[in-house]
Amino acid sequence: MCLACDFRFGPARGRRAFLLAAGAAAAAPALAQVDVGEASVARNLVPAENIERAGVQQYHQLLAQARAKGLLAPDGNAQLQRLRAIASKIIPFTAQWNPRAASWKWEVNLIASEQINAFCMPGGKIAFFAGILDRLKLSDDEVAMVMGHEMAHALREHARARLAKNAGTGAALSIAAQLLGLGQAGDLAARAGTQLITLKFSRSDETDADLVGLELAARAGYDPKASVSLWTKLAKASKSEGALGFLSTHPSGPDRIRVLQANLPKVEGLSGRLRNGG
């Protein structure tokens, strides 16, 4: 997700109970400051654990390839330590948006590539490419906005919903049936592992992630106004350098910035309280 780089990888009552149980996760929390509503109902057609398992597997494949090429940053790398420090401040607020996040084994890694890109796989697996830090000269506040946005995609289960929609209701429901012992299922979960890395989200998914990420970063004490400066930088970089990997799945534009600006007053107090020790 959010990745365009050199790495590729390759009966009725029971079903109703399954859908109701799945629907309990990833709803908008009661104390949310931004208004994004509940997460997509479509995600309920695919088991969360299947998508998370596929995401973890694909993430580790990516890291193995990067390591083999000498591109995976070691633990002592200063930029990697910076990323992990920022993540450690945001992660405590993630379970408010998805209870499953409390049990995710979060990881943050850095890949030495000039790509302007970053992503968070289902299950809390985060990767940044050095290019997004170095070429855009991101401040900690701007890094937090990128990270919050990517985490929001995972928390709101956009990949889970998108894969269900792409596969079609029949295929997704067959997986639910198999889990309930009601028949044979297709291989959607297996195919998910080859799709997550290049998955593109809808405009509404992107707005959702923008706003949830904005609130996550603000609650962690980062300046919400950095969301505007971040997208301004990305828009300028796109004009001067052509298509960017990040913008291939995150199109920039004045509308995106306007939505963020309109929501700044809702979250600025959160950041201020934490910065002042509140």
Cβ-Cβ cut-off under 13 Å around Gly76, Lys and Arg +1, Asp and Glu -1: the net charge is +1
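How about segment 64-165: which trypsin sites (Lys or Arg not before Pro) there are in a DSSP loop, with at most 13 other Cβ atoms within 10 Å of their Cβ?
On the way: sites: Arg67, Lys69, Arg82, Arg84, Lys89, Arg100, Lys105, Lys125, Arg135, Lys137, Arg156, Arg160, Arg162, Lys165; in loops: Lys69, Lys105, Arg135, Lys137, Arg156.
Hits after loop and neighbour filter: Lys69, Lys105, Lys137.
With 26 Å as the limit, write out which pairs from Lys105/Lys137; Lys105/Lys266; Lys233/Lys266 have Cα-Cα distances beyond it, or answer none. List each step's numbers first, then the result.
Details: Lys105/Lys137 29 Å; Lys105/Lys266 30 Å; Lys233/Lys266 23 Å.
Those over the limit are Lys105/Lys137; Lys105/Lys266.
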Once Lys and Arg are counted +1 and Asp and Glu -1 for all other residues with Cβ under 9 Å from that of Lys225, the total becomes -3
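Suppose R0 equals 41 Å. What FRET efficiency, 1/(1 + (r/R0)^6) with r the Cβ-Cβ distance, do Ser103 and Lys236 give to the nearest 0.05? Mind dumping the intermediate values first?
On the way: r = 40 Å, r/R0 = 0.97.
After rounding to 0.05, the efficiency reads 0.55.
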Inter-label distance for Ser202 and Glu49, nm, one decimal - labels placed 7 Å from Cα along Cα-to-Cβ
2.8 nm
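Taking K and R as +1 and D and E as -1, what net charge do the other residues with C-beta under 12 Å from the C-beta of Ile126 add up to?
On the way: positive: Arg84, Lys105, Lys125; negative: Glu107, Glu150.
Taking every Cβ under 12 Å from that of Ile126, the sum is +1.
Taking other Cβ within 10 Å of each residue's Cβ, how do Ser227, Ser202 sort, fewest first? Before the final figure, lay out the partial values.
On the way: Ser227 31, Ser202 13.
Final ranking by Cβ density, sparse to dense: Ser202, Ser227.
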The ³J(HN,Hα) series, computed from each phi in segment 224-236 with the Karplus coefficients 6.51, -1.76 and 1.60 at θ = phi - 60°, rounded to the nearest Hz and given as x for glycine or proline, is x, 4, 5, 5, 6, 5, 4, 6, 5, 4, 5, 5, 5
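What FRET efficiency comes out for the pair Ser88/Ala112, r = Cβ-Cβ distance, R0 = 22 Å, nearest 0.05?
Working: r = 22 Å, r/R0 = 1.01.
Computed FRET efficiency for Ser88 and Ala112 comes out at 0.50.
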In order through segment 80-96: 3J(HN,Hα) via Karplus (6.51 cos²θ - 1.76 cosθ + 1.60), integer Hz, x for Gly, Pro
5, 4, 4, 4, 5, 5, 5, 4, 5, 7, 8, 3, x, 9, 6, 5, 5
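Nearest 0.05, what FRET efficiency do Gln65 and Ala30 give at R0 = 35 Å with Cβ-Cβ as r?
Numbers: r = 42 Å, r/R0 = 1.20.
For R0 = 35 Å, the calculated efficiency reads 0.25.
Values in this text are rule-based calculations from the coordinates and carry no lab data. This structure is a prediction, so every number in the text was calculated from the model and none was measured. With ideal geometry, Cβ positions are generated from the backbone for all residues, glycine too; neighbour counts draw on all protein chains shown.
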